[in-house]
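Derivation of every value follows stated rules applied to the coordinates shown; laboratory data play no part. Just so it is clear, the model here is predicted, and its values are computed rather than measured. Methodologically, a virtual Cβ is constructed for each residue, glycine included, from the backbone with ideal geometry; neighbour enumeration extends over all protein chains shown.
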């Protein structure tokens, strides 16, 4: 594993990346054995984890990160971190869980929600290598992206098959009424699978806390998912392989991780997925509890289909955030702010400000 992507978690564990790699690269220590040990560590620390955070469940967060890591390398990363953390003393496992919560899971949830935030100062050392790769993506790229994915999906929501209302208006203006299909119509959006906001920075901010915090999120994202950072920085994040055309309702739900696309249902059919709701009782905007989605190949549409790795990463976040209750908790904070406009008497809504201070992004 790259030492550069380990710097953030190693600073929490108070070990060097070389010490971490000694265990990670040791082939005689099997991943399955490490995972079993990590589960035992979570069990031994369950009470302490529950006491440390009452708004959502840190023990379930760790268990879900182990179970739903996008690949075995991510599972090994989590298991080794927990092994090292446990060896560091009573607070080690709690510190690791809170680091992943504060610097990876909650920031990703907030970024998907496109919350406006203020950059925060950081005590974490600057991650120079990662910062060199983080660039700004332009809004022009986003407009081109919408055109490309709309054409790929033939102006229909990939999730519900509803037709694009903007396309209807264009066809009406051009008096091409015969091309307007029957059925439901809706406003559409190009939904990023890995969020655009993750690398949207002020172009002049080359060494600011804004970028340092983003680099920390990128580091942990790379380590857990094994995603190649260079494939998604700058304009690459606005590639069709990182986007899906869907209704604005589905776009919002996708950003809240209320549903995800699962490849396991169709392992032998390229580009075909099953839409799954992240929690029981959830439905899509058309009332369905699931849906089949099959994207055309590059040869058919001249536009590349979504990257299955990106979709697997989104699915992993959806499962972890809902299994530990973090997604539901943030929704309750937002409801308080919208309906009451005041803090809860017990001060819990202060967490909203705390979360915003942790997010490494300013969304415009």
Calculate the length of the line joining the C-alpha centroid of segment 145-176 to that of segment 245-303, in whole Å. 18 Å
Sites residue 40 and residue 266, calculated FRET efficiency, Cβ-Cβ separation with R0 45 Å, nearest 0.05: 0.80
Separation in nanometres of the label points that stand 7 Å from Cα toward Cβ, at residue 184 and residue 328: 2.6 nm
Cubic angstrom per residue, convex hull over Cα atoms of segment 4-112: 100 Å³
Find how much the distance from residue 304 to residue 283 grows on full extension, using 0.36 nm per residue of separation minus their present alpha carbon separation; answer in nm with one decimal. 4.7 nm
Relative contact order for segment 4-112: what is it in percent, counting Cα pairs under 8 Å that are at least 6 residues apart? 32 percent
By Cβ neighbour count within 10 Å, fewest first, 100, 224 rank 100, 224
Stick to the Cα atoms of segment 276-326, pair each with every other, and give me the Kirkwood hydrodynamic radius in Å at one decimal. 13.1 Å
For the residue pair residue 165 and residue 28, what label-to-label distance in nm results when each label sits 7 Å from Cα along the Cα-to-beta-carbon direction? 6.5 nm
